[in-house]
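Notes to accompany the following structure.
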Amino acid sequence: MKNIFFPDNKIKFIKNCTDERCRNLFDKAMAQAEKSLDLAPLDEERVQVDGEGYAIQHENYGEAAGPFSGAMINLSFAYAVTKDRRYFEKARELMLKYCAYSRWHGKGALGKGELITGHFLTGMSYGWAAFSELFQEEDKKYLADRIYTLGIRAQLDDWVLPGTKIHCFDTMGHNWWPVCVSSGALAAIVMSDYLPDGKELADKCCKGLEAWFNYKGNPINMKPASLDNGAFYESVCYYNYALFEYLRFSEAYIAVTGKAPFDDEDIIKKSADFFVNTFYPSTTDDYIIGFGDCDEVQFCSSVIRILSRYPDIGSLRYYINHRTHSEDSDIINRLISFRELYLLSEEKPDSLNVCYNKIGWAIFRDSFEDNAALLAVKCGDSWNHAHCDAAHFIFFRNGVPEIFDSYRCSYSNDIYRDYFVQSQAHNVILFNGKGQCPDDHHHHVRPKGALYNFMHNGNYRYVCADASGPMGRYFRKHLRHFIWADDIIIIYDDIWAYEKGEANFLLHADENTCFRMLTPCEKRTENGYLGNNLKEVTFSSYNRQTDDYGKVKFISAICLNNGISPVFEEITNGYKIIYGSKNIYINAISDHTVMHRNCFNTFDSILTDAVALVEDNNEYFVVNGSIIRKGNRIILDEFARITEKI
């Protein structure tokens, strides 16, 4: 088998390239390879663990598989460049050692094939592609038999093949499915020159992968569709993981067969948009929208592989060029795709406002320049890597997250399940200190949160997050309105609880945030954690009592003009905010609690039934309204309510 990962034309380009960035990457890649020569393989007994639950899901097989996989990529690249047999000898040692293992999975895994199996298979695939012609026949036969048994069939018997598979999309159709199947398919196609059924097995995986990417979900099992217009509900990080493994397989499949595993172009290009839409260009660090199990800072390596296949997507080069703090990640992949990444023109993205309605993510930004303002809202599912965070929001400005997510920590740490996935770790509303059911993360939430009336028109943007379902054990209604009007963002929480109590508005924010709570509240300081290093932090809880019927409202603002302070007043059946030239009205009786009657209110001679209204020098933005009249002037008159700039 030719070295499909490092073809001769790519190696020749790298050797001849005089670009300083390319030379720096090459030096780093060779340094990695030299370091890999020192990797000592682990005895299997060292990675086996006794216990129960999460401790034995993977055991410690990842401590062997992860370094092995990385080392094999380094060694095979270095050999392709130098033909130095030291790299082959080390690769042979590692491959033989790990093929002598009794299994490539934790004993707590469901079946024989899992994520760790995939790491072993990745390393073996690179090793086979680079060195199979150098192995003695005895070694070659042994390696092929063990890779086939411990890896390829372990994955495909569990995930794909009729008569043996134990998983389906409706139960294990999250990131594990494409990762496990792609790794088995990768080894099968790479070794198809030696395995009689290698190509046949890879083709069966192609059909399964096509089905996974196009899976529409199953409401009976509360399982969402795999993708929402290229977006993945678990998190940006986990889609990067899943898509990267598929793209690696597709690269190998194309090299062997001359065609893609299936017609995946539309899926991949929409996925590229998802990565672009969820990154925040900053001179401070490489931030992303970190909803769910994700890190604050992340470089999505799938972008490199997408550009390798589709170099015409200039917005991905904009992504690459604005991720300058991650230049030491994915060094070899950057080298192999150096021309596609760095030597072609970039294109600034133009999708400033996007909504992935099925997964419940809305993203607004004022530009794609570095350090711009960005608001992201999440109100969708809670399951697995998607947290209990209905109506959660984050906000970036001046290059940093001013209002932020708590992100995640190690899954083996009890703090992960007790804090990071729970409502308390997010910018949401609690009731008497309690949020979504703690078990939602494990069992799904029914019904899910939802986003309504997403719109953008010039300097006006809007979305409504409905957290009533996820908070249904306490609230008959919780609507959170986000109204971005030029240089101010109003957040209006409309809550109706089943009983009288205290509502708690949580805010995890920088101490210099431009957030302002406008309604009178008791403010308390709470303790929490931030990120993988479990940094101990404090956050704010703004607390208000409901009325006797369980109703309560919060009105807050994110003020983007440092020179203006909002003036807030409570008026008859509503609220008024003055911010510069803007008058912003909240209609407290337009909350759907009066049956059969429209909710007319008069604000400074303006008659309307709208939930909210922005007036700025005779320009109007209406939120869920059908009528605006000012004196004898009819500004809006519709049969049904709309949200729009008038």
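Observations, loosely collected:
- For first residues located in segment 380-393 and surrounded by fewer than 24 Cβ atoms within 10 Å (Cβ to Cβ), partners that are of a type in the set (Gly, Ala, Ser) and assigned to a loop (DSSP other than H, G, I, E, B) and lie 6+ apart or on another chain with Cβ distances below 8 Å form the pairs 385/235; 385/292.
- Qualifying residue in segment 402-411 (condition: closer than 30 Å to residue 60 by Cα, assigned to a loop (DSSP other than H, G, I, E, B) and of a type in the set (Lys, Arg)): yes
- Any hit, segment 244-263, residues being open to solvent by 10 Å² or more (accessible area, probe 1.4 Å), in contact with a strand residue (DSSP E or B) (Cβ under 9 Å, 6 or more places away or on another chain) and either among the hydrophobic types (A, V, I, L, M, F, W, C) or within 19 Å of residue 175 (Cα to Cα) (or both): no
- Scanning segment 196-223 for residues that are open to solvent by 30 Å² or more (accessible area, probe 1.4 Å) and over 26 Å from residue 383 (Cβ atoms) yields a total of 7.
- Leading residue by the ranking (nearest to residue 289 (Cα to Cα)) among those in segment 510-534 that are open to solvent by 90 Å² or more (accessible area, probe 1.4 Å) and modelled with pLDDT under 95: 532
- Of all residues making up segment 325-353, the number that are open to solvent by 20 Å² or more (accessible area, probe 1.4 Å) and within 30 Å of residue 389 (Cβ to Cβ): 7
- Of the helices (runs of 4 or more DSSP H) lying entirely inside segment 49-168, those containing at least 2 residues that are among the acidic types (Asp, Glu), under 29 Å from residue 38 (Cβ atoms) and over 34 Å from the mean Cα position of the chain (by Cα) are 85-99, 137-146.
- Residues of segment 207-234 that are within 15 Å of the chain's Cα centre (by Cα) and at positive phi: 229, 230.
- Within segment 213-236, being modelled with pLDDT under 95 and part of a helix (DSSP H, G or I) holds for 219, 220, 221.
- Residue 450 being in contact (Cβ under 8 Å) with a residue 60 or more places away in the chain and open to solvent by less than 10 Å² (accessible area, probe 1.4 Å): no
- Single residue of segment 93-115 satisfying the filter (more than 24 Å from residue 178 (Cβ to Cβ) and hydroxyl-bearing (Ser, Thr, Tyr)) that is most open to solvent (accessible area, probe 1.4 Å): 102
- Residues that are open to solvent by 40 Å² or more (accessible area, probe 1.4 Å) and closer than 14 Å to residue 21 by Cβ, drawn from segment 298-324: 321, 324
- The lone exception for residue 193 - which of (1) over 30 Å from residue 50 (Cα atoms); (2) part of a helix (DSSP H, G or I); (3) open to solvent by 30 Å² or more (accessible area, probe 1.4 Å) it fails: (2)
- Evaluation of residue 362 against the conditions (1) of a type outside the set (S, T, N, Q); (2) part of a loop (DSSP other than H, G, I, E, B); (3) open to solvent by less than 10 Å² (accessible area, probe 1.4 Å); (4) closer than 25 Å to residue 321 by Cα shows that the sole unmet condition is (2).
- Residue within segment 580-599 that is open to solvent by 10 Å² or more (accessible area, probe 1.4 Å), more than 24 Å from residue 456 (Cα to Cα) and part of a strand (DSSP E or B) present: no
- Residues within segment 609-629 that are surrounded by 17 or more Cβ atoms within 10 Å (Cβ to Cβ), over 12 Å from residue 584 (Cα atoms) and not small (Gly, Ala, Ser), tallied: 4
- Selected residue [within 14 Å of residue 130 (Cα to Cα) and among the polar types (S, T, N, Q)] from 24, 16, 3: 3
- Pairs where the first residue, in segment 69-94, is more than 13 Å from residue 31 (Cα to Cα) and the second is open to solvent by 20 Å² or more (accessible area, probe 1.4 Å) and in a loop (DSSP other than H, G, I, E, B), C-beta under 6 Å, 6+ apart: 80/3; 90/37; 94/41
- Only residues that are over 16 Å from residue 440 (Cβ atoms), of a type outside the set (Ser, Thr, Tyr) and assigned to a loop (DSSP other than H, G, I, E, B) were counted in segment 412-422, giving 1.
So that you can scan it fast, the table gives a plain yes or no per residue for (1) in contact with a strand residue (DSSP E or B) (Cβ under 7 Å, 6 or more places away or on another chain); (2) of a type in the set (Phe, Trp, Tyr); (3) closer than 19 Å to residue 10 by Cβ:
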site	(1), (2), (3)
276	no, no, no
281	no, no, no
290	no, no, no
299	no, yes, no
308	no, no, yes
320	no, no, yes
335	no, no, yes
342	no, yes, yes
351	no, no, no
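- Verdict on residue 108 being within 25 Å of residue 165 (Cβ to Cβ), small (Gly, Ala, Ser) and at pLDDT 95 or above: no
- Scanning segment 263-301 for residues that are out of contact with any Phe, Trp or Tyr (no Cβ under 8 Å at 6 or more places or on another chain) and within 22 Å of residue 205 (Cβ to Cβ) yields 263, 266, 270.
- In segment 224-243, the residues that are open to solvent by less than 50 Å² (accessible area, probe 1.4 Å) and among the polar types (S, T, N, Q): 226, 235, 240
- Of all residues in segment 631-643, those being open to solvent by less than 70 Å² (accessible area, probe 1.4 Å) and either modelled with pLDDT of 95 or more or not in a loop (DSSP other than H, G, I, E, B) (or both) number 5.
- For segment 12-42, a residue qualifies if it is over 33 Å from the mean Cα position of the chain (by Cα) and either on the phi > 0 side of the Ramachandran plot or among the β-branched types (Val, Ile, Thr) (or both), and exactly one does: 18.
- Applying a threshold of 6 Å to beta carbon distances and a minimum spacing of six or more residues, or different chains, the list of pairs starting in segment 1-15 at a residue that is within 15 Å of residue 186 (Cα to Cα) and touching a residue at least 40 places away in the same chain (Cβ under 8 Å) and ending at one that is of a type outside the set (Val, Ile, Thr) and open to solvent by 40 Å² or more (accessible area, probe 1.4 Å) reads 1/193.
The values are calculated or read from the model by the stated rules, or taken from the named source; none is laboratory data. Predicted model only: the values in this text are computed from it and were never measured. When we count neighbours, we look across all protein chains shown, and the Cβ atoms used for this are built from the backbone with ideal geometry, even at glycine. Surface areas here come from the heavy atoms of the whole protein model, side chains and all, with no ligands, DNA or RNA. Shrake-Rupley method; radii C 1.70, N 1.55, O 1.52, S 1.80 Å.
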